[in-house]
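To start, the structure under review is shown below, and the notes come after it.
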Amino acid sequence: MTERDTHPSSTHPPLPPTSEDDQFSRLRLLRSRRVGIATYQRLLIEHGTAQNALAALPEVARAAGVSSYQVCPEGVIHGELKAARAAGARLVAQGSPHYPLVLNDLKDAPPFLWVIGDVALLHKPMIAMVGARNASSLGTRMARALARDLGAAGHVVVSGLARGIDAAAHLAALDTGTIAVQAGGVDTIYPAENADLAQNIGTSGLRISEQAMGLHPMARHFPARNRIISGLGAATIVVEAAAKSGSLITARDALDLGRDVLAVPGHPMDARASGCNMLIRDGATLVRDANDVIEALAPLAPAAPELPLVPPQAPQPDTRSLRQTADLHSQILSRLGPSPLAEDQLIRDLGAPTATVTPALVELELDGSIDRAPGGLLTRAS
């Protein structure tokens, strides 16, 4: 199953921080309350530097109806940097040489990644492998065989450090290269039973996270982690998965990026195989062994050359009146509900210029009226 897009992206990743002070300020901006990735990027474009954006943020929030807004205190970032030093973690900024270029395909690519281990793995051929936490014996054996053989063929195995299929894949690929994408802070191991495995991955592989150091994962962090797993992999292999599972979310994320999805079939009576069987029914490549994966990847065309980084143009000044702003907010909220909606679809539905809608979305995100789901999708806050 694949939805390949052969056209190069028309967007460019943001320029990397130019100094330690700039990096500190950018991290502080990103960690400020209700500043998601889209808001972070717009504030940088609109105000030129993170320092300027931090200075302007309270007024932006005030215009959105939040009168007591405070940006992230400097002490919080100093504490995060101190925790990173203690854990041996490094900060990799989007646009820097160590940042994986494939993540730029994500609409909401993480501006920063904390990494522990061999960062060079991010620039080798990567394949994502996901599956059930309550995996069967056959499922874990299959995951181990695939990870071992794909590793021997030169691929880095990417997974989510969960129990079951994830753990089996990581363990089998330790000697050839594996990357664990964590839902919480890179220094916070979940589940605790994988502590030894995580330690070994940090030594011979790589652990990464976009979350703040010390953050314990919550349910909403796992879909965000899954988009990074699918973003890193040239293809995503699902070994065992129920009909409604996080593994299928990862598969959908991969399809949205135009990446291949492959699945291992299972017995029709085993609920743990229902998701894989559904994927195969809908066109995913059936996987019996690593050769099937390698054969499926062979037709992929070489990646398009990276375009030079171009500083984005600042948006036009917002000239809306208070009444126009209130009307636009009302129109946006009336079109949003609990089901996620893509921002570009919302803009088309409104029939308004992007330059008019996006500042309003920033305001509504800051005042807590809307939320952004992984992939840049919008929902009305409950």
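Answer with yes or no whether Leu322 is among the aliphatic types (A, V, I, L, M), modelled with pLDDT under 90 and more than 26 Å from the chain's Cα centre (by Cα). Yes. Within region 184-206, the residues that satisfy the criterion of being among the hydroxyl-bearing types (Ser, Thr, Tyr) and not in a helix (DSSP H, G or I) are Thr188, Tyr190.
Part of a loop (DSSP other than H, G, I, E, B) and crowded, with 21+ Cβ neighbours inside 10 Å: is that true of Gly266 in this structure? Yes. Of note, Arg220 does not satisfy the criterion of being over 30 Å from Leu27 (Cα atoms) and among the basic types (Lys, Arg). When residues in region 169-183 are screened for being in contact with a strand residue (DSSP E or B) (Cβ under 7 Å, 6 or more places away or on another chain), assigned to a loop (DSSP other than H, G, I, E, B) and not hydrophobic (A, V, I, L, M, F, W, C), 2 of them pass. Among the residues examined, Ala38 does not qualify as open to solvent by less than 30 Å² (accessible area, probe 1.4 Å) and either in a loop (DSSP other than H, G, I, E, B) or out of contact with any Leu (no Cβ under 6 Å at 6 or more places or on another chain) (or both). Remark: Ile294 falls outside the filter, which requires a residue to be within 18 Å of Arg252 (Cα to Cα), of a type in the set (A, V, I, L, M, F, W, C) and either modelled with pLDDT of 95 or more or surrounded by 12 or more Cβ atoms within 10 Å (Cβ to Cβ) (or both). A residue that is under 21 Å from Ala296 (Cβ atoms), part of a strand (DSSP E or B) and either open to solvent by 20 Å² or more (accessible area, probe 1.4 Å) or polar (S, T, N, Q) (or both) occurs nowhere in region 207-223.
Kindly evaluate Leu122 against the criterion of being at pLDDT 95 or above and either surrounded by 21 or more Cβ atoms within 10 Å (Cβ to Cβ) or hydrophobic (A, V, I, L, M, F, W, C) (or both). In short, yes.
In the list Ala64, Ala89, Ala53, which residue meets the criterion of being touching a strand residue (DSSP E or B) at 6+ places or on another chain (Cβ under 6 Å) and open to solvent by less than 30 Å² (accessible area, probe 1.4 Å)? It is Ala89.
Selection within region 32-64: residues that are touching a residue at least 40 places away in the same chain (Cβ under 8 Å) and β-branched (Val, Ile, Thr). The member of this set that is nearest to Val362 (Cα to Cα) is Thr39. Just a yes or no: is a residue in region 225-235 assigned to a helix (DSSP H, G or I), touching a helix residue (DSSP H, G or I) at 6+ places or on another chain (Cβ under 7 Å), crowded, with 20+ Cβ neighbours inside 10 Å and modelled with pLDDT under 90? No, because not a single residue in region 225-235 is assigned to a helix (DSSP H, G or I), touching a helix residue (DSSP H, G or I) at 6+ places or on another chain (Cβ under 7 Å), crowded, with 20+ Cβ neighbours inside 10 Å and modelled with pLDDT under 90. Being open to solvent by less than 20 Å² (accessible area, probe 1.4 Å), of a type outside the set (Val, Ile, Thr) and touching a residue at least 40 places away in the same chain (Cβ under 8 Å) is a property that Ala183 has.
Of the residues examined, Ile165 is not one that is open to solvent by less than 20 Å² (accessible area, probe 1.4 Å) and under 21 Å from Asp118 (Cα atoms).
Against the criterion of being touching a His at 6+ places or on another chain (Cβ under 7 Å), open to solvent by less than 30 Å² (accessible area, probe 1.4 Å) and not in a strand (DSSP E or B), Leu328 does not qualify. Residues in region 188-195 include at least one that is out of contact with any helix residue (DSSP H, G or I) (no Cβ under 7 Å at 6 or more places or on another chain), of a type in the set (D, E, K, R) and open to solvent by 20 Å² or more (accessible area, probe 1.4 Å).
The values are calculated or read from the model by the stated rules, or taken from the named source; none is laboratory data. Quantities reported herein were computed from a predicted structural model and do not represent experimental measurements. Positions of Cβ are backbone-derived with ideal geometry, glycine not excepted, and every protein chain shown enters the neighbour counts. When the accessible area is computed, the model is the full protein with side chains, heavy atoms only, and any ligands, DNA or RNA have been set aside. Shrake-Rupley method; radii C 1.70, N 1.55, O 1.52, S 1.80 Å.
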